[in-house]
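Each remark here refers to the structure printed beneath this line.
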Amino acid sequence: MASQGWCADRLEGWLKKNPNKRAKDARDKLEGDYGIKLKYSKAWAGLKVAIEQIHGKYDESFQLLVNWKAQMEAASPGSIVELELEGTKKHRFKRIFFCLEAMCRWISCRM
């Protein structure tokens with residue numbers, strides 16, 4: 001019987017090449033490649049683990065973004081670094097704007 005870890009290991013490379021695939025596609029791929037019958041829930045769990053293997057845990061990845069913003073502000077005082085988030089309980093990254101201090105000066109003197 002296939003575990004979610006087994007599924008994730010076999011899906012990781014495929015998922016890197018096909019990042020928009022869904023659990024049904026993953027199930028079809030594993031069933032076709034390995035000649036097994038797989039429940040949708042097992043394919044979904046394996047896909048979730050594979051995504052985590054590729055991108056890391058959500059909270060850790062999000063914290064990297066916050067740390068990057070702090071490092072940019074510390075390394076280049078006078079720069080503008082803005083993160084826009086959405087959601088109230090679990091923040092989601094929406095967009096980022098940054099203008100390094102030297103570029104800010106260049107833009108202001110050109111106007």
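Every residue, every condition in (1) in the same structural domain as Arg105 (by TED's automatic domain parsing); (2) over 30 Å from Trp106 (Cα atoms); (3) out of contact with any strand residue (DSSP E or B) (no Cβ under 6 Å at 6 or more places or on another chain), yes or no:
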position	(1), (2), (3)
Gly13	no, yes, yes
Pro19	no, yes, yes
Arg22	no, yes, yes
Gln63	yes, yes, yes
Glu73	yes, no, no
Ser76	yes, no, yes
Glu86	yes, yes, no
Report task. Considering each residue of segment 13-54, count those that are surrounded by fewer than 12 Cβ atoms within 10 Å (Cβ to Cβ) and either part of a helix (DSSP H, G or I) or touching a Gly at 6+ places or on another chain (Cβ under 9 Å) (or both), and give that number. Result -> 7
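The values are calculated or read from the model by the stated rules, or taken from the named source; none is laboratory data. Predicted model, so just to flag it, every value in this text is computed and none were measured. Every residue, glycine among them, receives a Cβ derived from its backbone with ideal geometry; neighbour counts consider all protein chains shown.
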